[in-house]
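Step one of this worksheet: look at the structure below.
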Amino acid sequence: MLAKDIMTKEVIVVTETTTIDEVSKIFIDKNISGLPVVNQYNKLVGVISEGDLVYKQKPVKPPLFINLFDGLIPIDRKEFQEDMKRIAAYQVGDLMSKPPVYAYEDTPVSEIASMIIDQKINRVPIVNEVQEVVGIVSRHDLVRSMVQ
């Protein structure tokens, strides 16, 4: 059995400039946990997952003082935290996992299962010969193929 036999063909993709808020809404509305990320030419450049949102957006711990011209100046922690929130990652390109793990339509399902296990990932985008996303194989797709 090959990837094309079990992959989900209607894949939602996002771009590097999609906001984290937009991605979060897609995850919730569509009940999915990850999406392929494509560039302006619709070629796969990464994957964004719930894990990326949870693990990579750790809170910043501000310093108590800033060293300015060899003198320590106390800073306002609350103001610093607000500034850090504004400059923290807000686009997919800032948090996505790259380079992406991917497979082709004619990749055997057993190979995709190994990729998922070995790489500790939940999904593998399926691309054509020019790296455009044509499908996705998730752990759910693998389990479904075992039952059929």
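Read-outs throughout are calculated quantities, based only on the coordinates presented, and are distinct from any laboratory measurement. The shown structure was predicted, so the numbers you read here are calculated from the model rather than taken from an experiment. Every residue, glycine as well, gets a Cβ built from its backbone with ideal geometry; the counts of neighbours run over all protein chains shown.
Annotations
- Extension gain, Val13-Asp29: 0.36 nm per intervening residue step, less the Cα-Cα distance, totals 4.3 nm.
- Nonlocal amide H pairs with Thr18, under 5 Å, H built at 1.01 Å: Val92, Gly93
- Neighbourhood charge, 15 Å Cβ-Cβ cut-off, centred on Ile6 and excluding it, Lys, Arg +1 and Asp, Glu -1: -1
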